[in-house]
Amino acid sequence: QVQLVESGGGSVQPGGSLRLSCAASGSIFSTYPMGWYRQTPGKERELVAVMSSGVITNFLADVKGRFTIARDNAKNTVYLQMNSLKPEDTAVYYCYLRVRGTPYWGQGTQVTVSS
């Protein structure tokens with residue numbers, strides 16, 4: 001059974017930075033897509049960034065140039081470095097992993113950007 005454990009959320013002022021981490025249990029191959037989504041109340045969950053086989057396959061246009069995704073396959077861990085945060089980045093961020101077509105989600109971590 002795959003489990004995803006997230007950490008690193010919190011509150012920050014506009015222009016600040018946060019780093020999210022997500023560690024996956026089990027046998028995770030680098031070919032499995034792994035990354036981050038986010039969701040705000042009343043809206044659908046949206047993809048932020050996903051990596052597979054060392055390549056960033058998807059990246060939300062609104063965060064390009066500010067967010068960076070990285071993956072440590074030896075640790076089964078994916079990171080999201082978020083810089084120059086804006087109030088509109090406020091959301092619950094979910095770690096995502098797809099194993100042989102089955103999606104798995106982390107519990108979610110709140111990121112709040114406010115002055």
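The values are calculated or read from the model by the stated rules, or taken from the named source; none is laboratory data. Everything numeric in this text was worked out from a predicted model, so none of it was measured. Methodologically, a virtual Cβ is constructed for each residue, glycine included, from the backbone with ideal geometry; neighbour enumeration extends over all protein chains shown. Calculation scope for accessible area: heavy atoms of the full protein, side chains included, ligands and nucleic acids excluded. Shrake-Rupley method; radii C 1.70, N 1.55, O 1.52, S 1.80 Å.
Cross-link partners of LYS75 among lysines, defined as those whose alpha carbon lies under 28 angstrom from its own and excluding same-chain residues fewer than eight positions apart: LYS64.
As a fraction of the 1.4 Å probe accessible area of region 1-61, surface on carbon and sulfur atoms comes out at 50 percent. Count the net charge of all other residues whose Cβ sits under 12 Å from the Cβ of ILE28, scoring Lys and Arg as +1 and Asp and Glu as -1. Here the count lands on +3.
Mean sequence separation of contacting Cα pairs (under 8 Å, at least six apart), scaled by the length of the chain, corresponds to a relative contact order of 36 percent. Which value, in Å², gives the accessible area per residue of the chain when a 1.4 Å probe is used on the protein heavy atoms? Accessible area per residue, the chain: 52 Å².
Can you figure out the FRET efficiency of ASN73 with TRP105, using R₀ = 25 Å and their beta-carbon distance, to the nearest 0.05? Plugging the Cβ-Cβ distance into 1/(1 + (r/R0)^6) gives 0.80.
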